1. Under a crude label model (7 Å from the Cα following the beta-carbon direction), how far is L139 from A35 in nanometres?
2. If you take the beta carbon distance between A169 and V148 as r and set R0 to 35 Å, what does 1/(1 + (r/R0)^6) give as a FRET efficiency, to the nearest 0.05?
3. First obtain the Kirkwood hydrodynamic radius of the stretch 1-48 from its Cα pairs, then insert it into the Stokes-Einstein equation at 20 °C and 1.002 mPa s, and state the resulting D in µm² per second as a whole number.
Amino acid sequence: MSAPFSYTVSARDVPASGRIYKVEADADECRAIAADLNIPEVRSLTAQIEIRPVRGRSFRLRGRLKAEVVQTCVVSLGPAIQHMDETIDLTLLPAEVAGAEYQAKDVLVDAMETDTSELFQNGRIDLGTILAEHLALGLDPYPRAEGVDFSGHIEDQEDAEESAFGALARLKSTES
């Protein structure tokens, strides 16, 4: 299975001082990303990423991803437009080196750590795949269209029928 969006950079082409890459998905790539994420539409996806060599053959990626996507509103089932502005800050390790290193020892993961490590293979860094992954992680899991109100839900109504647990609690308080 191929990635819906690919923008590869040769690790060899990144100077010691680093380089800034401006990436923009075209209309076909936006459609492919939307299909891959199972959402109605990706209207735009752009990023400005700085890649800088660090520690041996590793690279540090820092930048911003901006996107406009259309998801399905969980209340009205209509279109819910989301404007995204995600920060990207990660370290890329060469898969050839990291694979043996990870197999040789236990790896501890700190959930609060903001700097994450990912792998790149064969001297190629695929910024498109990294951006598509960050887009997927930044999507609202419960999107709502603008102006949609969910306050009419029965559990939010004060005059809703009392639950069995509420009735038991009322009985217990009157027995005391």
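1. Distance between label points: 1.5 nm.
2. 0.55
3. Stokes-Einstein gives a translational diffusion coefficient of 174 µm²/s.
Where a number appears in this text, it was derived from the coordinates with a stated rule and is not lab data. Treat the numbers as computed from the prediction; the structure is a model and nothing was measured. Backbone-built Cβ (ideal geometry, glycine too); neighbour counts: all protein chains shown.
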